[in-house]
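See structure below.
The values are calculated or read from the model by the stated rules, or taken from the named source; none is laboratory data. Computed from a prediction, not measured in an experiment: that's the story for all the values here. Note that each Cβ is placed from the backbone with ideal geometry, even for glycine, and that neighbours are counted across all protein chains shown. Note: accessible area is taken over every heavy atom of the protein model, side chains too, but ligands, DNA and RNA are not part of it. Shrake-Rupley method; radii C 1.70, N 1.55, O 1.52, S 1.80 Å.
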Amino acid sequence: MLALVKAAPGPGLSLEEVPEPSPGINDVKIRVRKTGICGTDLHIAAWDAWAAKAIRPPLVVGHEFVGEVVEVGSNVYDFHPGDIVSGEGHVTCGVCRHCLAGRRHLCAHTQGLGVDRDGAFAEYVVLPVTNVWHHWPRIDEDVAAIFDPFGNAVHTALSFPVLGEDVLITGAGPIGLMATAVARHAGARYVVVSEPNARRREIAGRMGATLAVDPGERDLADVQRELGMVEGFDVALEMSGAPAAIRAAMDNMAHGGSIAVLGIPTREITLDVNEIVFKLLTIRGIYGREMYETWYKMTVMLQSGLDIRPAITHRFPFQAYELAFATAASGDSGKVIMTWSPQADG
Ligand code: NAD
Ligand code: ZN
């Protein structure tokens, strides 16, 4: 089969013929239809310091996908050829304290699809049955392809109650954009988005942001005055990884406010702990998705009117992967989708 491969240490990816994976007794084999490009894939393609440490080539990359089940192992009873599924990209150990208690998102021994094991930028991918999610019939397959980052957005946005609250989102990449729509859908009063990129601010407006501001041009205290806010933000979702963004959030929180941190800084950052103490702030790190409460919430929010499609800005066939990766890396895009095989009904 054809797959996008990190063949050897160093920059770049190549489209190569590799052996088709075959399922073990507890596995599901999936024909990939559509995939999403994630920041992680860009890091692996560019071969930055993180990738050089984390990745052992050769490796098929990619973890955001939707596809169709084509074969199941002999122990698998609840998936069948033809089912439309996505994969939870965190393959957990299954035997640690948290896994046994059903808190698999807290497993300390997680293996990443397309990071630690062969991934989904391929014509076929194999995953343990415990990592496969059934979609409901007639789901939009572009949306299904990005359930993984949509799950990051939902996990973060719902980690603190937002009904009636004023929410700050720092960073309107694909995940911040989806989180904007989720916070709106979940009943926030104001959703203020802080993002330097003008194209992304414009999309944030279409995702339901009350205001989308450039942090280089506008102070959040000024935004609060414009909106008539008097207490500060109740909830902040940090989705940029930028030191200035988390500091600006801390400066503008209400007393007792909560900050969910998803963004991954590329280096250590200094924070004023006095602000955390005297404002009684709660700061929570977010990694991945809750298995499978987040997946359930994604599904039912889509069924009750949540629309994340404006966050998808580009679609390419997999053969145009170089253009797809360049578009995603430009920062001037929302989510970029690559198609691997067309839907049966066209
Ligand atoms: P992205 O890089 O596309 O988006 C980050 C955005 O932050 C960009 O649009 C950028 O312009 C903006 N930004 C930069 N400086 C800023 C500042 N000072 N204030 C406000 N915004 C600023 O990334 P993404 O794919 O949307 O992911 C968001 C973050 O979450 C990234 O840091 C990513 O590495 C991380 N991530 C974490 C997990 C997890 O499980 N914790 C999973 C996926 C991604
Ligand atoms: Zn575990």
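Observations
- Selection from region 265-295 of residues that are surrounded by fewer than 14 Cβ atoms within 10 Å (Cβ to Cβ), in a loop (DSSP other than H, G, I, E, B) and among the aliphatic types (A, V, I, L, M): 269, 271, 280
- Residue count for region 271-297, restricted to those that are over 25 Å from the mean Cα position of the chain (by Cα) and at positive phi: 1
- Here 293, 275 are screened, and the one residue that is free of Cβ contacts under 8 Å to residues at least 12 places away in the same chain, charged (D, E, K, R) and away from ligand 1 (no atom under 15 Å from the Cβ) is 293.
- Enumeration of residues in region 224-239 that are surrounded by 20 or more Cβ atoms within 10 Å (Cβ to Cβ) and either over 30 Å from the mean Cα position of the chain (by Cα) or among the β-branched types (Val, Ile, Thr) (or both): 235
- Candidates are the residues of region 263-272 that are of a type in the set (Val, Ile, Thr) and within 11 Å of ligand 1 (Cβ to nearest atom); the one that is nearest to residue 246 (Cα to Cα) is 264.
- Candidates are the residues of region 187-229 that are under 25 Å from residue 154 (Cβ atoms) and among the basic types (Lys, Arg); the one that is nearest to ligand 2 (Cβ to nearest atom) is 200.
- Segments classed as strands (runs of 3 or more DSSP E), wholly inside region 127-210, with at least 3 members that are open to solvent by less than 10 Å² (accessible area, probe 1.4 Å): 166-170, 190-194
- Yes/no for residue 236 being within 17 Å of residue 189 (Cβ to Cβ) and either away from ligand 1 (no atom under 14 Å from the Cβ) or without any contact (Cβ under 8 Å) to a residue 12 or more places away in the chain (or both): no
- Residue that is farthest from residue 46 (Cα to Cα), among those in region 91-105 that are within 16 Å of ligand 1 (Cβ to nearest atom) and crowded, with 16+ Cβ neighbours inside 10 Å: 104
- Residue 322 vs. criteria in a loop (DSSP other than H, G, I, E, B) and either surrounded by 20 or more Cβ atoms within 10 Å (Cβ to Cβ) or among the acidic types (Asp, Glu) (or both): no
- The set of residues in region 296-309 being of a type in the set (Lys, Arg) and surrounded by fewer than 20 Cβ atoms within 10 Å (Cβ to Cβ) consists of 309 alone.
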